[in-house]
Amino acid sequence: LNDNVWLGFASFSRFGLGNSFDSNWVGRYNMYDIGLKTMSFVPTLAYKVNDTLSLSVGAEVMNAHVYRGSKIPTMPTLTSKPFDNDLQLEGSGWGVGAHLGMHMRFNDQWSMGLSYKSQVTLNLFGDVDFSYEGNSVIAKPYNLPVARDRSANATLQLPDSIAWGLAYKPLENLSFEVGTVFTRWSTYNALNIIMGNDYSSVNNLSLIHI
């Protein structure tokens with residue numbers, strides 16, 4: 001905009017996790033397929049305080065897509081043979097966070113940067129689809145979902161992070177950098193998926209351990 005005020009825009013994927021297992025593995029009743037994909041859009045305004053210090057502030061608009069597959073033990077009648085019903089859950093949503101940055105240029109060779117990305121709370125909406133829709137005599141005793149396609153929603157809070165970097169430029173066309181990022185995954189503990197009154201939620205889905 002001028003010599004002291006700059007406007008920028010960034011687009012990137014800040015979080016992405018996923019894993020899949022054989023649909024017959026021993027943990028299939030918890031999940032056999034799970035993933036999280038995000039895309040962030042960040043307009044940023046930066047201000048050059050002086051030749052040494054620059055500051056920036058930005059708003060992060062994040063879109064997330066979550067999917068999960070699991071098996072549900074199903075027995076239509078007392079005389080029927082039990083089988084594994086397939087449950088597919090998929091949803092997406094938006095959230096907003098903040099970005100703060102600082103850059104210090106000590107001299108022509110040394111500079112340092114510091115940035116903070118806030119937590120983002122996402123409101124997710126989607127659908128639950130079953131391969132078999134119908135009654136199951138073991139659904140209620142074992143608190144299993146009724147096999148009926150339905151909508152679902154969840155609130156997902158992704159953690160904040162701090163990044164630090166140091167750059168050394170010995171020559172005009174050569175520089176070396178070192179940096180580190182600390183992400184507060186300890187702030188995440190559960191993803192509660194609301195699937196309806198007859199089956200309130202799927203709790204404590206870990207995105208850290210997948």
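The values are calculated or read from the model by the stated rules, or taken from the named source; none is laboratory data. Just so it is clear, the structure is predicted and the values come from calculations on it, not from any experiment. Glycine gets a Cβ as well: all are built from the backbone with ideal geometry, and neighbour counts include every protein chain shown. Calculation scope for accessible area: heavy atoms of the full protein, side chains included, ligands and nucleic acids excluded. Shrake-Rupley method; radii C 1.70, N 1.55, O 1.52, S 1.80 Å.
Can you name the strands (runs of 3 or more DSSP E) wholly within the stretch 1-104 that have at least 1 residues being charged (D, E, K, R) and crowded, with 16+ Cβ neighbours inside 10 Å?
Result: 33-48, 53-74.
Residues checked against (1) within 25 Å of residue 93 (Cα to Cα); (2) modelled with pLDDT of 95 or more; (3) among the acidic types (Asp, Glu):
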| position | (1), (2), (3) |
| --- | --- |
| 129 | yes, no, yes |
| 135 | no, no, no |
| 140 | no, no, no |
| 143 | no, no, no |
| 154 | yes, no, no |
| 161 | yes, yes, no |
| 167 | no, yes, no |
| 175 | no, yes, no |
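Output the number of residues of the stretch 111-132 satisfying the condition of being surrounded by fewer than 18 Cβ atoms within 10 Å (Cβ to Cβ) and over 30 Å from residue 54 (Cα atoms).
6
Any idea which of (1) open to solvent by less than 60 Å² (accessible area, probe 1.4 Å); (2) more than 27 Å from residue 38 (Cβ to Cβ); (3) assigned to a strand (DSSP E or B) is the one residue 136 doesn't satisfy?
Condition not satisfied by residue 136: (3).
So residue 108 ticks every box in (1) more than 30 Å from residue 80 (Cβ to Cβ); (2) in a loop (DSSP other than H, G, I, E, B); (3) open to solvent by less than 80 Å² (accessible area, probe 1.4 Å) but one. Which box is left unticked?
The one condition residue 108 does not meet is (3).
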